[in-house]
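S.K.: One structure, as structure tokens, below. Some questions next.
What follows is calculated from the coordinates using simple rules that are stated; it is not laboratory data. On a predicted model such as this, the values are computed, not experimentally measured, just so you know. Ideal geometry is used to build each Cβ from the backbone, glycine not excepted, and the neighbour counts take in all protein chains shown.
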Amino acid sequence: MGNKWQVEKKKDPYYKRAKGEDYRSRASFKLLQLDKKYKIIKKGSAVLDLGATPGGWSQIALEKVDEGGIVLGVDLQKIKPFPELNFHFIRGNFTQVPVQQKMIDILDGKADVIISDASPSLSGIKDVDHLRSIDLANCVIDIADNILETNGNLLIKVFQGEEFKNLIDGMRKKFKIFKTTKPSSSRKKSSEMYVIGLKYKG
Ligand SMILES: C[S@@+](CC[C@H](N)C(=O)[O-])C[C@H]1O[C@@H](n2cnc3c(N)ncnc32)[C@H](O)[C@@H]1O
């Protein structure tokens, strides 16, 4: 199993490109593709990246916000430091209040963009993993309700399943523009979907 996965990984074009282009993960291409289409991250923005390690999305966010913006990554796992001074990192569980308080302190209570590629620890049982993913996504939406600026943008990865529709029905109402999508760099056999809310109503 481990070997098969290693072989598939080495053949994967996005894995090869990530190595060649010095991105920290193939996930970088998912954010690049989504941002190209939906213009999620703007120059000068304050971006909160939930589930940030190893840093592929933060890397893209840093490129997009440029020196005038700020990127705060949060993850249970440590991250290799970035040289950029406008990158901050909290090692911790973003579902917990003390970690959320630290996020608020660093961001001064406001984020222009929240992105979450957080994946729960996988049980291998599809329905269980789906529900864990929904719990994380609901927590991300609660965080957005606290700190996302009016007209801000939210991007969340979610594993599909029976609660998916409830989640997106709730989220849709909060944004002027709402999309669900799967970029071509997301593996076809993966149940992951990306939900995007643009222009938060506040
Ligand atoms: C697919 S990886 C993220 C990859 C990252 N976006 C990138 O581009 O490199 C998912 C991450 O979510 C993190 N995660 C899952 N649940 C979390 C939680 N409650 N708090 C913080 N991080 C969490 C995991 O530790 C893992 O590093």
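S.K.: Sorting check: for 64-72, 127-135, 89-97, which peptide has the highest mean count of neighbouring beta carbons within 10 Å, and how do the rest follow?
M.R.: In decreasing order of mean packing, 64-72, 127-135, 89-97 become 64-72, 127-135, 89-97.
S.K.: Quick one: compute the contact order of the range 92-185, relative version, from alpha carbon pairs under 8 angstrom and 6+ residues apart, as a percent.
M.R.: So the answer I get is 30 percent.
S.K.: Charges at C-beta only: +1 for Lys and Arg, -1 for Asp and Glu. How large is the resulting dipole of the chain about its Cα centre, in Debye rounded to 20?
M.R.: The calculated dipole for the chain is roughly 960 debye.
S.K.: As a test of understanding, state the convex hull volume per residue of the range 48-202 from its alpha carbons, in Å³. Present the calculation step by step, with values, prior to reporting the outcome.
M.R.: Working: hull volume 17.5 nm³, N = 155.
Each residue corresponds to 113 Å³ of Cα convex hull volume.
S.K.: Counting only C-alpha contacts under 8 Å and six or more residues apart, can you give the relative contact order of the range 25-200 as a whole percent?
M.R.: Once divided by the residue count of the range 25-200, the mean separation gives 20 percent.
S.K.: Here is a further query. Given the Cα-Cα distance of LYS176 and LEU76 and 0.36 nm per residue of separation, how much length would full extension add, in nm?
M.R.: So the extension gain works out to 32.8 nm.
S.K.: Work out the charge dipole of the chain with +1 on the Cβ of Lys and Arg and -1 on the Cβ of Asp and Glu about the Cα centre, then indicate which of PRO13, PHE178, ASN166 is farthest towards its positive end.
M.R.: PRO13
S.K.: Further, regarding this structure: Taking a 18 Å limit on the Cα-Cα distance, which of the listed pairs LYS42/LYS80; LYS19/LYS157; LYS102/LYS173; LYS30/LYS188; LYS165/LYS189; LYS30/LYS173 fall beyond it?
M.R.: Beyond 18 Å between Cα atoms: LYS42/LYS80; LYS19/LYS157; LYS102/LYS173; LYS165/LYS189; LYS30/LYS173.
S.K.: Helix-only mean residue ellipticity at 222 nm, the chain, DSSP H runs n ≥ 4 weighted -39,500 (n - 2.57), per residue, nearest 500. What is it?
M.R.: -12500 deg cm²/dmol
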